[in-house]
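Any read-out appearing in this document is the output of simple, stated calculations on the displayed coordinates, not a laboratory observation. Predicted, not measured: the structure shown is a model, and the values here were computed from it. Note that each Cβ is placed from the backbone with ideal geometry, even for glycine, and that neighbours are counted across all protein chains shown.
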Ligand SMILES: CC(C)(COP(=O)(O)OP(=O)(O)OC[C@H]1O[C@@H](n2cnc3c(N)ncnc32)[C@H](O)[C@@H]1OP(=O)(O)O)[C@@H](O)C(=O)NCCC(=O)NCCS
């Protein structure tokens, strides 16, 4: 379900498909979704409502993309990849669907599944080696190479990616106290760490953000400076 901020945005910007986009029918493209220059949606693809697909995006026939997903330029979403609602894919990030590709071996029926869960961010130029789940609201840093499961709210960096910290739904480091609770410095939502699993105490993971929390008001560095 879209929050009100997304709905307002959607009503302002009705669906727009640039004339250079190639769309192979049948496929599903939700209301209010915008697709920019030189992109290609293959037959069978499912794209939700209120999404933005940038320039040079390929969506394969077996790919599923939820609502309010933002995909920056130069990204291919291959067969076997499922992207839930509210996911952000940074520019030129790489998704994959065969771990051991060989040109001489046909493995078209053996595509491996990758699931990117609601609210997750994949940083620019990061690579997701297939067969993994990127958890709810997880954050993959720019240039990381992910090859194993990523927990909900985990912030992963490097090659291979390792968990560096926990990040809030608003994309800020969570500092847990002795009671294993943390407050997001931007939203003030409370989080709990229990058995190495983070959850939000104030808002269900599937609930949309209330309007007042869906609009960023301070830069990342501004909030970070205040924290330190
Ligand atoms: C992950 C990210 C949010 C971290 O930001 P941050 O917490 O302010 O990070 P800092 O600059 O304080 O760095 C903390 C440490 O992580 C390292 N680091 C930060 N980002 C890194 C990255 N992408 N890969 C590897 N290491 C990284 C820093 O070198 C530093 O290491 P050190 O403690 O050993 O010196 C940010 O670097 C990032 O990658 N954002 C994604 C941007 C993007 O792709 N946007 C796409 C839309 S335009």
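A few remarks follow.
- Over all Cα atoms in the chain, the spread is summed up by Rg and Dmax: 18.0, 56 Å.
- Backbone N under 12 Å from the residue 24 label point (7 Å along Cα→Cβ), restricted to the stretch 52-66: 59-63
- The chain - share of DSSP beta bridges that are antiparallel (%, nearest 5): 25
- Distance from the Cα centroid of the stretch 114-191 to that of the stretch 52-95 is 18 Å (rounded to whole angstrom).
- Within the listed set 49, 64, 159, the residue fluctuating most in the Gaussian network model of the chain (springs between alpha-carbon atoms under 10 angstrom) is 159.
- Taking the chain as a Gaussian network of alpha-carbon nodes connected by springs under 10 Å, the highest mean-square fluctuation of the residues 195, 125, 73 belongs to 195.
- Estimated [θ] at 222 nm from DSSP helical runs (n ≥ 4, -39500 (n - 2.57)) normalised by residues in the chain, nearest 500: -2000 deg cm²/dmol
- Result for the chain in a Gaussian network model with C-alpha springs under 10 Å: among 104, 163, 72, the largest mean-square fluctuation is at 104.
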